[in-house]
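No value in this document is a laboratory result; all are computed from the given coordinates. Remember, predicted model here, so these are calculated numbers, not experimental data. Counting neighbours? That spans all protein chains shown, and the Cβs are built from the backbone with ideal geometry, glycine included.
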Amino acid sequence: MNPASIQLDAQGRLKHFLTIEGLKRQHLIDILDTAESLTGVAERRVKKLPTLRGKTVANLFFESSTRTRTTFELAAKRLSADVLTVNIATSSTSKGETLLDTVRNIEAMQCDMFVVRHAASGAAEFIARHVRPHIAVLNAGDGRHAHPTQAMLDMLTIRRHKGPAFQDLRVAIVGDILHSRVARSDIHALNVLGCANVRVVAPRTLLPPEVGTLGVQVFHDLDQGLRDVDVVIMLRLQRERMSGALLPSAQEYYQQYGLTEERLAVARPDAIVMHPGPINRGVEMASAVVDGPRSVILEQVTNGIAVRMAVMSITLGNQSSPAEDA
Ligand code: CP
């Protein structure tokens, strides 16, 4: 199955947002430009636009989330949509209802968009293949596979600090690449936007076997990987996805790969530091860096609202009307 092939309509326009793979530079630029134009909504006295008035957005989060779930909800509300956030822990999923039956029942409530987070890679694509044609599906993170809106909010944050010339940037992604859907989506987005100097910095045990095909330079030494970079993207150690002993200890990991102010000194003086969250302070990063002057971590969260508003507007704008489904 190829998620890239079903997220575009016959005209090549985005109708679902499942992955960065298969998208062209112009798709990403459209999302970034639309998001940029929507950042001002937060400054208004009434933080609302009528774009999705009369539309219903269903948030289905089968995995825990703080940032993605709340910013999707806020984004939908700022666009005047009605929002259903289904509490999966207390839903009939616990009684054995299948994913598809859950989707079919919410679909029967005349919803127009599903925002889906699931532990299984491919879950959002699976739903996209089964919903009625007028419904848009947005991937809010599926297994190790993809987290495309996180990648776009990361690209917006980079562009706001470093300008649009991605080809001139050096970007280091540090940590648990193996389990990270954020790393995969960020790498694809940086490649599409023309960044030729993308580095991954990790122990061998936390690199995916296909790393050689991703268009990145591989470093096992943090000081070498960070030298002269413009952007540092730190990743969380995803212990919940680790089946075996991939690491000696959190303390040893921090000694080798933890980002401190001293280690950041080899990056460019104006380098920015990012992290998708949630952060394990003292494991991936020192608190002095998390809360320091180079950190743009909370800006990433704010930018997530505008990016999710943009993706919702673009995909629903490209969908057929329910009447056309019949
Ligand atoms: N970045 C991110 O996906 O965070 P949450 O798991 O809190 O949504």
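Within the straight-line cut-off of under 23 Å between alpha carbons, the lysines reachable from LYS162 are LYS24, sequence neighbours fewer than 8 places apart in one chain being disregarded. With R₀ fixed at 30 Å, the C-beta to C-beta distance from GLN167 to THR70 puts the FRET efficiency at about 0.35. Converting phi to 3J(HN,Hα) with the Karplus coefficients 6.51, -1.76 and 1.60 and the offset θ = phi - 60°, the stretch 168-181 yields 8, 9, 10, 10, 10, 10, 10, x, 7, 5, 3, 9, 9, 5 Hz in sequence order, with x at every glycine or proline. A Gaussian network model of the chain, with springs between Cα atoms under 10 Å, assigns the largest mean-square fluctuation among LEU18, LEU169, LEU153 to LEU169. Each residue of the stretch 119-128 is assigned a 3J(HN,Hα), and the resulting list reads 6, 8, 4, x, 5, 5, 5, 4, 5, 4 Hz, derived from the Karplus form 6.51 cos²θ - 1.76 cosθ + 1.60 (θ = phi - 60°), x at Gly and Pro.
Relative intensity of the stretch 148-297 on a log10 scale, I(q)/I(0) at q = 0.10, 0.18, 0.21 Å⁻¹, equals -0.29, -1.04, -1.48, per a Debye sum over C-alpha point scatterers of equal strength in the absence of solvent. When every Cα-Cα distance of the stretch 231-326 is counted in 5 angstrom steps from zero, the calculated P(r) takes the values 2, 11, 18, 16, 13, 11, 9, 7, 6, 4, 3, 2, 0 percent. If R0 is 41 Å, the Cβ-Cβ spacing of GLU36 and GLN217 corresponds to a FRET efficiency of close to 0.85. Note on the chain: GNM, Cα springs under 10 Å; of HIS161, HIS145, HIS275, the largest mean-square fluctuation is that of HIS161. Stokes-Einstein diffusion for the chain, with the hydrodynamic radius set to the Kirkwood value over Cα pairs and evaluated at 10 °C in a medium of 1.306 mPa s, equals 79 µm²/s.
Residue by residue, the stretch 273-284 carries 3J(HN,Hα) couplings of 10, 10, 7, x, x, x, 9, 9, 4, x, 10, 8 Hz when phi is fed to the Karplus relation 6.51 cos²θ - 1.76 cosθ + 1.60 (θ = phi - 60°); x denotes Gly or Pro.
For ILE173, nonlocal amide neighbours, meaning residues 5 or more places apart or on other chains whose placed amide H falls under 5 Å from its own, are ARG199, VAL200, VAL201, ILE233. Summed over qualifying helices (DSSP H, 4 residues or more, each -39500 (n - 2.57)) and divided by its residue number, the chain shows a 222 nm mean residue ellipticity of -10500 deg cm²/dmol. Of the residues ILE279, GLY194, GLN238, the one whose Cα sits farthest toward the positive end of the charge dipole of the stretch 148-297, with +1 on the Cβ of Lys and Arg and -1 on the Cβ of Asp and Glu, is GLY194. Taking Cα centre as origin and charging only the Cβ of basic (Lys, Arg, +1) and acidic (Asp, Glu, -1) residues, the dipole magnitude of the chain rounds to 560 debye. With the chain treated as a Gaussian network of Cα nodes joined by springs under 10 Å, which of ILE88, ILE135, ILE158 yields the largest mean-square fluctuation? Top of the fluctuation ranking is ILE88.
Think of each Lys and Arg Cβ as +1 and each Asp and Glu Cβ as -1; about the Cα centre, that makes the dipole of the stretch 148-297 roughly 280 debye. Could you state the angle between the C-alpha long axis of helix 148-162 and the longest principal axis of the C-alpha atoms of the chain, as a value from 0 to 90 degrees rounded to the nearest 10? With rounding to tens, the tilt is 50 degrees.
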